[in-house]
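The values are calculated or read from the model by the stated rules, or taken from the named source; none is laboratory data. Treat the numbers as computed from the prediction; the structure is a model and nothing was measured. Please note: Cβ atoms are built from the backbone with ideal geometry, for glycine as well, and neighbour counts cover all protein chains shown. These accessible areas exclude ligands, DNA and RNA; they are computed on the full protein's heavy atoms, side chains included. Shrake-Rupley method; radii C 1.70, N 1.55, O 1.52, S 1.80 Å.
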Amino acid sequence: MKARPREAGSTLASASKFLSAIAMLMIPALALSGPAKPAGTPSEQLTKSASKNVARPQVHVEKRTSRYWRVTFDNPPFNIFGPDTIPQLEDVVAQIETDPNLRVVVFDSAVPGYFLTHYDFDPPLSASTDLPSGSTGLHPLPDMLVRISRAPVVSIALIRGRATGVGSELALASDMRFASKEKAILSQWEVGASLVPGGGPMARLPRLIGRGRALEVLLGSDDINGDLAAQYGYVNRAFPDTQLDGFVDGLALRISGFDRQAIADTKRLVDFASLPSDPEIGAGWDAFITSVQRPVAQKNITRLMEMGLQKNPDVEARLGHYTEALGER
Amino acid sequence: MKARPREAGSTLASASKFLSAIAMLMIPALALSGPAKPAGTPSEQLTKSASKNVARPQVHVEKRTSRYWRVTFDNPPFNIFGPDTIPQLEDVVAQIETDPNLRVVVFDSAVPGYFLTHYDFDPPLSASTDLPSGSTGLHPLPDMLVRISRAPVVSIALIRGRATGVGSELALASDMRFASKEKAILSQWEVGASLVPGGGPMARLPRLIGRGRALEVLLGSDDINGDLAAQYGYVNRAFPDTQLDGFVDGLALRISGFDRQAIADTKRLVDFASLPSDPEIGAGWDAFITSVQRPVAQKNITRLMEMGLQKNPDVEARLGHYTEALGER
Amino acid sequence: MKARPREAGSTLASASKFLSAIAMLMIPALALSGPAKPAGTPSEQLTKSASKNVARPQVHVEKRTSRYWRVTFDNPPFNIFGPDTIPQLEDVVAQIETDPNLRVVVFDSAVPGYFLTHYDFDPPLSASTDLPSGSTGLHPLPDMLVRISRAPVVSIALIRGRATGVGSELALASDMRFASKEKAILSQWEVGASLVPGGGPMARLPRLIGRGRALEVLLGSDDINGDLAAQYGYVNRAFPDTQLDGFVDGLALRISGFDRQAIADTKRLVDFASLPSDPEIGAGWDAFITSVQRPVAQKNITRLMEMGLQKNPDVEARLGHYTEALGER
């Protein structure tokens, strides 16, 4: 479809920084085969993430009224989601679940060009796998997502910019999704990097948009614009960018006037008819963790890092193009 | 989104007629706490409904051929559906289930502007709850709807005008739905009045249009026009109003020429893949009955009645607007 | 909707060729009632099919690369699918399941106007029913279809021309479907001929496009063009005919560069969320075999054969029109 970009150096030698990241990713595999402990124990790494976490809030909550909150992702320049984002979002999800007045939450972004995007490949894998399970018994990332879906209040994803990986998965876990025609890009890019997506899209997408379009999104792993996302039902609707905020705010305000119990009781029966079980979501997470440790995935992540993933705006903005460049044919 | 209309008097004092309706709605709650029997026992009320029923047919059956029937709702001015409609429709459903020659039934309306709309709030709740269960063991309203879905013949809803509440639920229980682009409005308005919908849309909508759009329809509780309904799959297709009748009649005539057994055997396997279970539908009805007895719902229904529900054409025609006016923010 | 064409002679007397075909169709029924053995035992018939089979390949495999194959149906003039096609396609499906390098298969057609169409009504029914079960325990036709859906590689149907009956069912069993706006026609025509479809569309269509549109496709039994198929989600997307090949080839090439294990692991979890069980598919096949033996179906097939089914291009090209002409009203 597209020409391959020039590849970065094909050896790892010039990429010492990335090599160490990869060494961290390999922790479980290394542990199995015996030796080679990377500098910094997993728990030290976790602490480092946690302290970085305290230093910079990535998730803001604005209580527009007691009934209507905005939750805004703000981790520039790309709104990457990492293990340090997890406790911050977990805190918000716990409030969403328990606040007695809340009716509706809108998830949006303060970072131009990015709603919320892929998982952070800088921290070692152990920074993710060592996190304690959430209240559902799942890893805290899928745990939060299933709790958002089951919360007794309405969640709406307002998608402007890229919603890739975790960003797409959070949008899919939300009750509704509205996108900018011009500025939204959705994708599950993982298979293009030899990964299996971990936040539930294999369970959610076929139920939402049918098996055929779900497989195109997941196995094509390409960027999907707002119009196609609306045509496929990946989002409820796409609006011209200038109308998106007004529509979502109007809908949220409308719902915020409704009765909390009627919302919760109605949603619970829709949940029964439409939500996957927690073990099905858990199986997706396990498949992701398994996939990320395989050599081909580690090689692909290294190459993407060399190309500029998490650094070069062009790689983040055109991720579907760069994963294609990884491929052998 | 829209300005609030001037509210009717905020006390109930000036609304004696509605107060008595509300008193009837409160029967079960009152019964639990002991005293205060309203004038007219439930069975007297039921008899009154039944006799009114005999006096004015609201559901007409036209047998265009032995194989193709039209079932027309005709309860002007708004095609409201009440406990007195139930035995009339039940009679038709029993014929649909058992007639040996029938292949296809089209549901339509003789009332301009209304396909079929919300439940009647004038009769006491007992007029509904005292009705004997149908053959599925469900209350006769959801009972009829699940029997239409499982009948060995094809049902088609031809939607011109408003299909709200029961009207939307009957359309969703039908096998197919076609709508007028200009003149169809679909809605599940209930959550906007602090009610839970009772006729199965929490079970049917997510299976039909996906969880995201189903939650928008149910929790947004707003009016949906023909084009958006078609875009969402809430109806099969929307046609320019002048073409709707011709299309539906042509499709019904076509199907009427087909073999009854092939239709029934094919439909039965689609049913297996797509219909919710009866207990799931029953849970929705129970949630509706519970919701209608809660004080906030009674207050909202009273306020809507004061605004002109079941009287003022503007309230019936723009129900999504008036439920928004009920809200606190 | 459309005028009835002039009917062929209403007695069977002038149709001796077809009478013998029908006699063969009646084998199982005749066997039950005792006498009347048709010339040629079932196994002789099967051998004849098999030898015809050897003589003319109907399914070609082109290995564009070790990772990306094209499977092309080539049985002019109508790409009819018969018992003699089954072992040829079975051979291809077995390769698809086991080749260690394959990532993606595109199904297309070498016959202008026809992607792949209905089951062959010339051979006796026994030529189909006597075939040994496939590895799933199902009859080999549904067996192959469920194996394509579960294969660890991606399957894409490129639909140009008519995809009716088995053609539609193979497309539905594939992971994705892309159609020509101008030249694709999809249909499940069976109910129009008093048959029940046998290759799984009662299980697959409601899960893919919702109950309402699935029932319209199956019980309306009419021809669906590319645009409507895309609007309904029956195909992923429809493209202008000149762009279809480029898009599908680009997508297949893209996927061919991805990791086999990541594809398989991701698809397996989508399968869990979206595929019907084998017994549900088996029930559809049994319903087809039952339906084809009923007198009304035999009469309709005879009349379609008299009109020119499997001979006259106009009958094959406008099958939805000719089934309507069969109907009584």
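Assorted remarks:
- Residue within segment A:126-135 that is open to solvent by 10 Å² or more (accessible area, probe 1.4 Å), of a type in the set (V, I, T) and at pLDDT 95 or above present: no
- Test: C:V270 is open to solvent by less than 30 Å² (accessible area, probe 1.4 Å), among the hydrophobic types (A, V, I, L, M, F, W, C) and either without any contact (Cβ under 8 Å) to a residue 24 or more places away in the chain or in contact with a Cys (Cβ under 7 Å, 6 or more places away or on another chain) (or both): yes
- When segment C:160-182 is filtered for residues that are part of a strand (DSSP E or B), in contact (Cβ under 8 Å) with a residue 60 or more places away in the chain and farther than 21 Å from C:L309 by Cβ, the ones remaining, listed by number, are C:R160, C:M176, C:F178, C:A179, C:S180, C:K181.
- Of all residues in segment A:59-85, those that are away from chain B (no Cβ under 14 Å) and within 21 Å of A:P124 (Cα to Cα) have Cβ atoms under 8 Å from Cβ atoms of residues that are among the aliphatic types (A, V, I, L, M) and assigned to a strand (DSSP E or B), 6 or more apart or on another chain, in A:N79/A:L116; A:F81/A:L116; A:T85/A:V59.
- Single match in A:R237, A:R268, A:R207 (criterion: modelled with pLDDT of 95 or more, in contact with a Ser or Thr (Cβ under 8 Å, 6 or more places away or on another chain) and among the charged types (D, E, K, R)): A:R207
- Residue in segment A:142-158 that is assigned to a loop (DSSP other than H, G, I, E, B) and open to solvent by 10 Å² or more (accessible area, probe 1.4 Å) present: yes
- Checking A:P240 against (1) within 8 Å of chain B (Cβ to nearest Cβ); (2) farther than 17 Å from A:D175 by Cα; (3) open to solvent by 20 Å² or more (accessible area, probe 1.4 Å), the condition it does not meet: (1)
- Selection count where residues are touching a residue at least 12 places away in the same chain (Cβ under 8 Å) and touching a Pro at 6+ places or on another chain (Cβ under 9 Å), scope segment B:248-267: 4
- Matching residues, segment C:93-109, being surrounded by fewer than 24 Cβ atoms within 10 Å (Cβ to Cβ) and more than 16 Å from the chain's Cα centre (by Cα): C:A94, C:Q95, C:I96, C:E97, C:T98, C:D99, C:P100, C:N101, C:L102
- When residues of segment C:159-182 are limited to those that are open to solvent by less than 20 Å² (accessible area, probe 1.4 Å) and among the acidic types (D, E), the one nearest to the chain's Cα centre (by Cα): C:E169
- Within segment B:294-329, considering residues that are within 14 Å of another protein chain (Cβ to nearest Cβ) and among the hydroxyl-bearing types (S, T, Y), the one least open to solvent (accessible area, probe 1.4 Å): B:T323
- Checklist (1) part of a loop (DSSP other than H, G, I, E, B); (2) buried (at least 21 other Cβ atoms within 10 Å of the Cβ) applied to C:I86, failing item: (1)
- Within segment A:310-329, if we keep just the residues that are without any contact (Cβ under 8 Å) to a residue 12 or more places away in the chain and outside any helix (DSSP H, G or I), the residue that is farthest from the chain's Cα centre (by Cα) turns out to be A:R329.
- Residue match in segment C:54-69 (condition: open to solvent by 10 Å² or more (accessible area, probe 1.4 Å) and in a helix (DSSP H, G or I)): yes
- Looking across segment B:216-239, the residues that are within 21 Å of B:H321 (Cβ to Cβ) and in a helix (DSSP H, G or I) come down to B:E216, B:V217, B:L218, B:L219, B:G220, B:G226, B:D227, B:L228, B:A229, B:Y232.
- Test: A:D259 is buried (at least 20 other Cβ atoms within 10 Å of the Cβ), more than 30 Å from C:I209 (Cβ to Cβ) and within 11 Å of another protein chain (Cβ to nearest Cβ): yes
- Within segment B:225-233, the presence of a residue that is touching an Asp or Glu at 6+ places or on another chain (Cβ under 8 Å), over 26 Å from C:M202 (Cα atoms) and surrounded by fewer than 18 Cβ atoms within 10 Å (Cβ to Cβ) is excluded.
- Residue under evaluation C:D122, criteria (1) assigned to a loop (DSSP other than H, G, I, E, B); (2) in contact with a Lys or Arg (Cβ under 6 Å, 6 or more places away or on another chain), criterion not met: (2)
- Members of segment C:273-293 found to be among the acidic types (D, E) and open to solvent by 30 Å² or more (accessible area, probe 1.4 Å), listed by number: C:D278, C:D286
- Where a residue in segment B:278-293 is within 10 Å of another protein chain (Cβ to nearest Cβ) and its partner, wherever it lies, is open to solvent by 40 Å² or more (accessible area, probe 1.4 Å), with Cβ under 7 Å and at least six apart: B:E280/A:F272
- In segment A:183-224, residue surrounded by the most Cβ atoms within 10 Å (Cβ to Cβ) [restricted to those that are basic (K, R) and more than 7 Å from every other protein chain (Cβ to nearest Cβ)]: A:R204
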